[in-house]
Amino acid sequence: MYNNIFDSHAHYDDEKFDEDRDSLLASLPDSGISAVISCGVDIESSKFNIELAEKYEYIYSAVGFHPLNLESLSPNYIDDIRSLAAHPKVVAIGEIGLDYHYEKESRLLQLEVLRNQILLANELSLPVIIHDRESHVDILNILKELKPRGVVHCFSGSPEMAKDILKIGMYIGLGGSVTFKNAVKPKEVAKILPEDKILLETDCPYMAPIPFRGQRNDSSLIPYVAEEIATIRGCNAEDILKISDKNARTLFAI
Ligand code: NI
């Protein structure tokens, strides 16, 4: 069994956990999970994740608007996020970012909401958790300009893009996609990342690693990701788990 499993990106508020959420979350520490950041995608889900963080000692929460969840945006959304972020177990602003795969037409609104949330994170001295889907250039430009601390999660870019992200001091989150057979870029990125910038994550309930691809994911499957990264880098999965746990605790000040 592995220990030091820090899941830096989960969505335990998701309805796919409705049936067995409490029994699953009660069992994760026994599977070696040391901490989880459960990320909001709008105000309601952020509140739900804060409730989970109040209930389970090892769970922490991130609050914010995901680019695909802007339909419930109110005029006061920044004030709403600011007040949620005052909770002692909120350790980041996230999941925030850009998604041009599903929502190209709302690009200008996405950019404005992302910018406002990064500025809030900077004001509160909190890190950001960034979603980037087919929006690498705009993400890079806004991160270069506003210089938040944080992580680009479920990194899907090239090794060149990874180097640009590293240059501005951010972490890179690796999850189930590293284990997919056709995932050339994530494997290359896993190879070149400096040790002190690696975070592990699930993005659960999605992105389950091989051999569970397509099934519901949870934090107990992170060792499959750690084993794949260890194979690529020629080290032990225990080392990858330990390093990622240490890095996440540094970034999220846990
Ligand atoms: Ni996510």
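Counting Lys and Arg as +1 and Asp and Glu as -1, what is the net charge of the other residues whose Cβ lies under 13 Å from the Cβ of residue 122?
Local charge sum for residue 122: +2.
Cross-link candidates for residue 163: which lysines have Cα within less than 19 Å, leaving aside residues fewer than 8 places away along the same chain?
The reachable lysines, counting only those whose Cα sits under 19 Å from residue 163, are 144, 147, 185, 187, 191, 197.
In the chain, carbon and sulfur make up what percent of the accessible area (probe 1.4 Å)?
Answer for the chain is 50 percent, counting heavy atoms of protein chains only.
How compact and how long is the stretch 1-146, expressed as Rg and Dmax of its alpha-carbon atoms in Å?
15.5, 48
With a sphere of radius 13 Å drawn around the Cβ of residue 173, what net charge do the other residues whose Cβ falls strictly inside it have (Lys, Arg +1; Asp, Glu -1)?
-4
Top mean-square fluctuation among 121, 237, 26, Gaussian network model of the chain, C-alpha springs under 10 Å?
Looking only at 121, 237, 26, the biggest GNM fluctuation is shown by 26.
All other residues with a Cβ under 12 Å from the Cβ of residue 106 taken together, and with Lys, Arg as +1 and Asp, Glu as -1, what is their net charge?
Result for the local shell: -3.
Can you give me the Kirkwood hydrodynamic radius for the stretch 94-178, using every pair of distinct Cα atoms, in Å to one decimal?
Every distinct Cα pair counted, the radius reaches 12.8 Å.
If you average 1/r over every pair of different alpha-carbon atoms in the chain and take one over that average, what Kirkwood value in Å do you get?
Averaging 1/r across every pair of different Cα atoms and inverting gives 17.8 Å.
How big is the stretch 134-228 in terms of Cα radius of gyration and Dmax, in angstroms?
Cα-based Rg and Dmax for the stretch 134-228 come out at 13.3, 40 Å.
Can you pull the semi-axes for the stretch 1-75, root of five times each eigenvalue of the Cα gyration tensor, sorted largest first, whole Å?
Semi-axis lengths for the stretch 1-75 are 25, 12, 10 Å.
Over the stretch 79-179, what is the relative contact order in percent, taking alpha-carbon pairs closer than 8 angstrom and at least six residues apart?
Relative contact order of the stretch 79-179: 24 percent.
Got the relative contact order for the stretch 114-224 handy, in percent, Cα pairs under 8 Å and 6 or more residues apart?
Taking the mean separation of contacting Cα pairs over the length of the stretch 114-224, I get 20 percent.
How much area per residue is accessible in the chain when the probe is 1.4 Å and only protein heavy atoms are counted (Å²)?
Accessible area per residue: 43 Å².
List the aspartates and glutamates whose Cα lies under 20 Å from the Cα of residue 16, skipping any in the same chain that are fewer than 8 positions away.
Partners found: 7, 42, 44, 51, 95, 201, 203, 218.
Measure out, as a whole number of angstrom, how far apart the alpha-carbon centroids of the stretch 118-150 and the stretch 166-189 sit.
So the separation of the two Cα centres works out to 18 Å.
With a 1.4 Å probe and all protein chains in place, put 79, 42, 99, 20 in order of accessible area, largest first.
The most accessible residue leads, giving 79, 20, 42, 99.
Which trypsin sites (Lys or Arg not before Pro) does the stretch 105-196 hold that lie in a coil by DSSP with at most 11 other beta carbons within 10 Å?
Hits after loop and neighbour filter: 181.
Per DSSP H run of n ≥ 4, the term is -39500 (n - 2.57); total these for the chain, divide by its residue number, and report the mean residue ellipticity at 222 nm rounded to 500 deg cm²/dmol.
-12500 deg cm²/dmol
The values are calculated or read from the model by the stated rules, or taken from the named source; none is laboratory data. These figures come from a predicted structure and were not determined experimentally. All Cβ positions, glycine included, derive from the backbone under ideal geometry; neighbour counts span all protein chains shown. Ligands, DNA and RNA are excluded from the accessible area calculation, which covers all protein heavy atoms including side chains. Shrake-Rupley method; radii C 1.70, N 1.55, O 1.52, S 1.80 Å.
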